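First comes the structure, then the notes that go with it.
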Amino acid sequence: MGEQLTDNAAALRMFFTEDIYLVGTEPLSLPVQTVPATNPEPARAPEVAVIPAGLSPAPVIVKTEFKYLGKNQKNVLIIVNDQQNEVSSDRGKELLRNIVKAIQLSASDFALVNYSAYKGAQFTEMTTFFSSKLVMIFGVQPSLLGLGDQPKNIIFMEAATQVVYADNLDLLAEDQLGKKTLWGSIKKLSI
């Protein structure tokens with residue numbers, strides 16, 4: 001029987017018809033085994049995945065499981081950014097309660113995520129996870145979420161999602177003009 005190992009890309013595509021995903025963060029290293037010429041019976045090479053030259057491995061897809069407060073029944077995502085508190089300081093939480101109450105939402109209507117636990121998470125990743133129709137961002141620069149520069153306290157659309165970005169809840173609680181501008185935008189939201 002002849003050599004049964006191949007690195008011919010066309011031949012391998014006939015046998016491997018499904019996507020293959022690499023799991024883990026370590027770089028792919030294929031073991032190499034050498035056989036001394038004097039060995040009367042050649043050693044068997046370990047079975048390993050062979051990626052032919054010219055083909056790149058499939059992208060690694062990582063899904064983040066976000067921990068959040070609320071039940072997200074109306075697909076409203078609220079993103080805060082506070083490293084010291086679960087949501088915000090007492091003053092910030094009071095402002096958020098007032099905002100949520102003003103747009104007639106209850107805790108079961110939205111999902112509240114503290115971005116400080118998920119630094120690097122992107123907007124599309126978060127909105128896909130939560131199936132968001134409306135996103136309110138407090139204290140996270142839109143550019144960190146992959147949204148580019150956006151105006152504060154003004155509604156903008158990202159795909160089919162309404163988005164409004166404002167300062168951190170603590171800072172916003174002290175900013176009368178910012179709260180007034182945000183309130184003007186929030187009244188225009190369709191939930």
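The values are calculated or read from the model by the stated rules, or taken from the named source; none is laboratory data. On a predicted model such as this, the values are computed, not experimentally measured, just so you know. Glycine also receives a Cβ, built like all others from the backbone with ideal geometry; neighbour counts cover every protein chain displayed.
Considered as a group, the residues in segment 163-190 that are assigned to a loop (DSSP other than H, G, I, E, B) and at pLDDT 90 or above include one that is nearest to E86 (Cα to Cα), and that residue is N168.
Look at (1) free of Cβ contacts under 8 Å to residues at least 40 places away in the same chain; (2) hydrophobic (A, V, I, L, M, F, W, C); (3) under 19 Å from L69 (Cα atoms); (4) crowded, with 19+ Cβ neighbours inside 10 Å and you find that A166 fails only one, number (3).
E125 falls short on exactly one of the conditions (1) part of a helix (DSSP H, G or I); (2) without any contact (Cβ under 8 Å) to a residue 60 or more places away in the chain, and that condition is (2). Applying the criterion of being in a helix (DSSP H, G or I) and among the aliphatic types (A, V, I, L, M) to the residues of segment 128-159, the residue that is nearest to I186 (Cα to Cα) is L145.
Against the test of being acidic (D, E) and surrounded by 13 or more Cβ atoms within 10 Å (Cβ to Cβ), the options D82, D90 yield a single qualifying residue, D82.
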